[in-house]
Amino acid sequence: MRESLMTADGFGMRAWAEADVPAVLLGFAPAEMRWQHSGPPIDNAAAALEWISVRQAAWRDGTGYTFAVTDPADGAVLGCMAVTAIDRRHDSGWVSYWTTAAARGRGVATSAARTISDWAFDDLELFRLELGHRTDNLASCAVATRAGYAVEG
């Protein structure tokens, strides 16, 4: 399984590593990000390392693939893009993402969503991807729409 991808806009996508603890802490620092994680707050190095570890284990198990999205200029982490909850019985998965403040307005999430979607269909041979977001998160809705996701429900 490829552990790195490149978006059409040149952003890198790679598996998360232990060295990314500061980037995870930065990503989960905004108050609204606390609502996005169902576990304990990610507000210290140990919690960030656990978050990375869980995603690495899912990768090894084939149940989820979570990528750090990086800046082509300096390799800085700009966000996260994932296809998780992979169900092989139905060949489906769940797409989710977040970006740092430095990434917003640059097309990072849309570009990465398109890339991971193509990868999930082509490489993982999934049949259906689902993407959900809070109804009051207009930016996430715009990303999903620009990435080609249809509104359901």
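The values are calculated or read from the model by the stated rules, or taken from the named source; none is laboratory data. It should be emphasised that the depicted structure is a prediction, and the values quoted were computed from it without experimental measurement. Please note: Cβ atoms are built from the backbone with ideal geometry, for glycine as well, and neighbour counts cover all protein chains shown. These area figures cover heavy atoms from the full protein model, side chains too; ligands, DNA and RNA do not enter into them. Shrake-Rupley method; radii C 1.70, N 1.55, O 1.52, S 1.80 Å.
The table for this structure:
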item: Rg(Cα)/(2.2 N^0.38 Å) for the chain, N = residue count; result: 0.97
item: Exposure of TRP94 as accessible area (Å², to 10), given a probe of 1.4 Å and all protein chains; result: 100 Å²
item: Simple Cβ-charge dipole of the chain, Lys/Arg +1 and Asp/Glu -1, about Cα centre, in debye nearest 20; result: 180 debye
item: Protein accessible area in region 1-149, 1.4 Å probe - carbon and sulfur %; result: 54 percent
item: Accessible area (Å², per residue) of region 1-70, counting only protein heavy atoms and a probe of 1.4 Å; result: 54 Å²
item: Structure-based [θ]222 nm, the chain - -39500 (n - 2.57) summed over DSSP H runs of at least 4, per residue, nearest 500; result: -9500 deg cm²/dmol
item: Cα centroid separation - region 13-65 against region 100-143, whole Å; result: 17 Å
item: Taking the chain and dividing mean pair separation by its residue count, relative contact order in percent (alpha carbons under 8 Å, at least six apart); result: 20 percent
